[in-house]
Amino acid sequence: MKIVECVPNFSEGRNKEVIQELIAAIQKGGKIKLLDWEADADHNRSVITFAGEPEECLLAVYAGIARAAELLDMEKHKGEHPRLGATDVVPFVPISEMSLEDSVDLAKRLGKRVGEELKIPVYLYEAAATRPERRNLADVRKGEYEGLKAELGKNPDRKPDFGPEKLHPKAGAVVIGARMPLIAYNVYLNTEDVSIAKQIAKTIREASGGLPCVKALGFEIKARRLVQVSMNLTNYLKTPLHAAFEAVKKEAEKLGVSVVSSEIVGLVPQPALNSAASNFLQLENFSENQILEEKLRAAGLGVGTPSFLDEVASSSPAPGGGASAAHTAALSAALIAMVCRLTIGKKKYAAFEEDMKKVLETTENLRRFFESAVEEDTRAFNVVMEALKMPKDTEEQKLARQKKMEEGSKAANVVPLAVLERAPELLRLSTMAAEKGNINTTSDAATAGSLALAAAEGAYFNVLINLKGISDKSCVSESHRKALSWLEEAKKEKERQNRIVEKLLSL
């Protein structure tokens, strides 16, 4: 199967509800697998990573770009990271049975559609670049949104590859391309002097004669009172993680500062971590064949990761109730899909064929949403856990901790509210499956309805506990009103379903 990875970067890293809207648009747009998402408030930027078959990824990312154009306004955007638009950059990365040229074709097709239909100027970069000076993303983004706004339509060098020669009134412009796997890697330094981070970034980046395949910038991270050397390693085989880390550390020591920590943003290829571990441990004759999980995978035994049930049963507070509610909703959707597939194609149920096909399509979209919601709920709850660990010795620390708790409670409430909102529809679909589906699967449809109601009730109680951590009374009141309304709607539908099922299965 051909598989491509797509990693759109959006100019929003602070409003979790908007980010969830973007994720939902992508998932609804195409049949893809959400792999990861990261949001940075200082950069005011989020990175969403998903993968799937090429055509599905094309549909999904287009839907994300279109939604970003509706939700975000570049005239109001402020953040540390360079950017040109609401959807700032969209790279396609070949993963399986895909060449770089195949990814270039995707980039060009997406660019053409975005330019023509959304009226957003599109610039092609990296392997998809139409000009040598546009291969480097930093060169394309030179001057950022404000600079491009001043030059577009006046400077022929800034003419886009697709779309109008003027910025979209809200979405700005977008850069689309194709590249090999990239590692976004940041190193934090124990100083507030951003000039030091910028000096180190200039020294180590390839454009200044530094490390090959390294792009680097220096940023001030005000919330942490530190500075950051932010890097993109475009070929980790030429400059591996440990080489980049050591280079920053060496330059920092020359300037009298030290490394506090480092972080990987988004996903990273396993060989890159293996290489770093081997280097720092000074392993002799190390081979990836020595890795237990690789041996297990080669033997067809999986990678030994704990199941969702094992994780819930552990002493860790996440995944917990919210993730379990989403998981239950996904199981409900899976059962409905099974009923549909055992009905479609059967002569006896030909009259309901089209209805069941529609139920199947809608249900599968919901299942993908609920599957991703399981991970999102766990991630959001971890923000609350981080807040609980923050110091509270001074008034300033108490305020910072309270602010983080508020942020975490709001983030943690997004998933259970979203699950609860979709529960009535899930119940209606299960009722349709019971009414029109294969009679031998009626009990399965009814079980799907019971699971959907359980998911709704579980999500409701998680909404209630999260609202306790939110001080905004209007937000609390409105969220509770919606939650209660969706729960009552789900209960009524389940009562209706029970009457129908009991009649169908009467002895």
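The values are calculated or read from the model by the stated rules, or taken from the named source; none is laboratory data. Please read these numbers as outputs of a predicted model, since none were measured by experiment. Glycine also receives a Cβ, built like all others from the backbone with ideal geometry; neighbour counts cover every protein chain displayed.
Residues of region 468-483 being assigned to a helix (DSSP H, G or I), in contact (Cβ under 8 Å) with a residue 40 or more places away in the chain and surrounded by fewer than 19 Cβ atoms within 10 Å (Cβ to Cβ), which ones?
475, 482
Among the residues of region 339-361, write down those that are surrounded by fewer than 19 Cβ atoms within 10 Å (Cβ to Cβ), touching a residue at least 40 places away in the same chain (Cβ under 8 Å) and within 21 Å of residue 31 (Cα to Cα).
Passing the criteria: only 355.
Quick check: is even one residue across region 313-330 part of a loop (DSSP other than H, G, I, E, B) and farther than 30 Å from residue 422 by Cβ?
Among the residues of region 313-330, at least one is part of a loop (DSSP other than H, G, I, E, B) and farther than 30 Å from residue 422 by Cβ, which makes the answer yes.
If we scan region 149-168, do we find a residue that is within 20 Å of residue 9 (Cα to Cα) and without any contact (Cβ under 8 Å) to a residue 12 or more places away in the chain?
Scanning region 149-168, I find no residue that is within 20 Å of residue 9 (Cα to Cα) and without any contact (Cβ under 8 Å) to a residue 12 or more places away in the chain, so the answer is no.
What helices (runs of 4 or more DSSP H) lie completely within region 97-178 and have 2 or more residues being charged (D, E, K, R) and touching a Leu at 6+ places or on another chain (Cβ under 8 Å)?
Helices (runs of 4 or more DSSP H) meeting the threshold: 100-117, 144-151.
Could you list, ordered by first residue, the pairs with Cβ atoms under 7 Å in which the first is in region 234-256 and assigned by TED's automatic domain parsing to the domain that holds residue 203 and the second is among the β-branched types (Val, Ile, Thr) and in a helix (DSSP H, G or I), at least 6 apart or interchain?
247/204; 248/200; 248/204; 251/200; 251/203; 251/204; 252/200; 255/196
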